[in-house]
Amino acid sequence: MKQWPSEDPAAPSYGTLVGPNGVNAQHHQHMFCARLDPAVDDEDGGRGLVVKELDVESLPWDGLTNPYGNGFRTVETPLTSVHQAQRCIAPEKGRIWKFANPNVLNPVSLTPVAYKLVPAAHPPLAAQPGSLISRKGHFATKQLWVTPHNDKQNWPAGDYVFGAKECSGLALWTKEDAPLEGADPVVWYSFGVTHIVRPEDFPIMPVEVCGFMIKPAGFFPRNPCLDLPFDRNAASVDNHSEAAANGSCCH
Ligand SMILES: [Cu+2]
């Protein structure tokens, strides 16, 4: 019987054979980091924004508040300092992060106007802490970072990534703890593709998609896509009245 490649002793442990004569495509990661400087209705460029983490939590059985055992809620944790705001994704908790403006309330939900960052499920950097890759790519060891706004801080992996032995970006900027309240928080979201190569990726790789979403979450009072005018379109025919009176809608 033919063995699966993973059971074949000739199959590589850290890659995939993708072509004849032992063409071994190594496992690897493509890591990115998005610098987000949200304002969310804050006229001071986002100085007063609060970044929060939201998890979904099942409630314990309780004869009074959860008698059927089906209750769950969201738990909000404000991220108030640079060290506390180094966070990882938690798909099992439906974790998202919100940028909220506590000074403006949504008139419908009665909560601070906000946008949310919806992460995708992907691992952080797979290299060991202290390894060269981990030191250079420190920004990718966690998915979320928040720092006080600083015009000079633009490149999360530092200015000279290839020649560097250490990350001179986020690793440096987050060494010291600092409060985020009133600091115009800048959010850094690290994400990427952990590429376990397939034979189908060779010799020309098709597209691989990665990313995240930013969604309004209590920013608008209603669905902002519903922007059609209320006027009746004169070309439209009411199937029940005029067309019916003429005997057909297709005369
Ligand atoms: Cu790749």
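Tabulated values for the structure
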item	result
Long-range amide H partners of Val23 with built H, under 5 Å	Val18
D (Stokes-Einstein, µm²/s), Kirkwood Cα radius, the range 22-219, 0.890 mPa s at 25 °C	131 µm²/s
Sulfur and carbon atoms: percent of accessible area, the chain [1.4 Å]	58 percent
Accessible surface, 1.4 Å probe, highest first, among residues Tyr115, Tyr189, Tyr160	Tyr160, Tyr115, Tyr189
Translational diffusion coefficient (Stokes-Einstein; Kirkwood radius from C-alpha pairs) of the range 7-50 at 25 °C, 0.890 mPa s, in µm²/s	165 µm²/s
GNM flexibility winner over the chain from Ala183, Ala164, Ala114 (Cα, springs under 10 Å)	Ala164
Solvent-accessible area per residue, Å², over the chain with all protein chains present [probe radius 1.4 Å]	66 Å²
Aspartates and glutamates with Cα under 15 Å of Lys152, excluding same-chain neighbours fewer than 8 positions away	Asp37, Asp184
Residue of Ala100, Ala235, Ala127 that the Gaussian network model of the chain assigns the largest fluctuation, springs spanning Cα pairs under 10 Å	Ala235
Trp173, Trp155, Trp145, ranked by accessible area, largest first (probe 1.4 Å)	Trp155, Trp173, Trp145
Cα pair distances exceeding 19 angstrom across the range 36-102, given as percent	48 percent
Interchain or long-range residues, amide H under 5 Å from Gly158's placed H	Ser168, Gly169, Leu170
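The values are calculated or read from the model by the stated rules, or taken from the named source; none is laboratory data. These numbers were taken from a predicted model, which means no experiment stands behind them. Ligands, DNA and RNA are stripped out before the accessible areas are found, and what is left, the full protein with its side chains, is counted by its heavy atoms. Shrake-Rupley method; radii C 1.70, N 1.55, O 1.52, S 1.80 Å.
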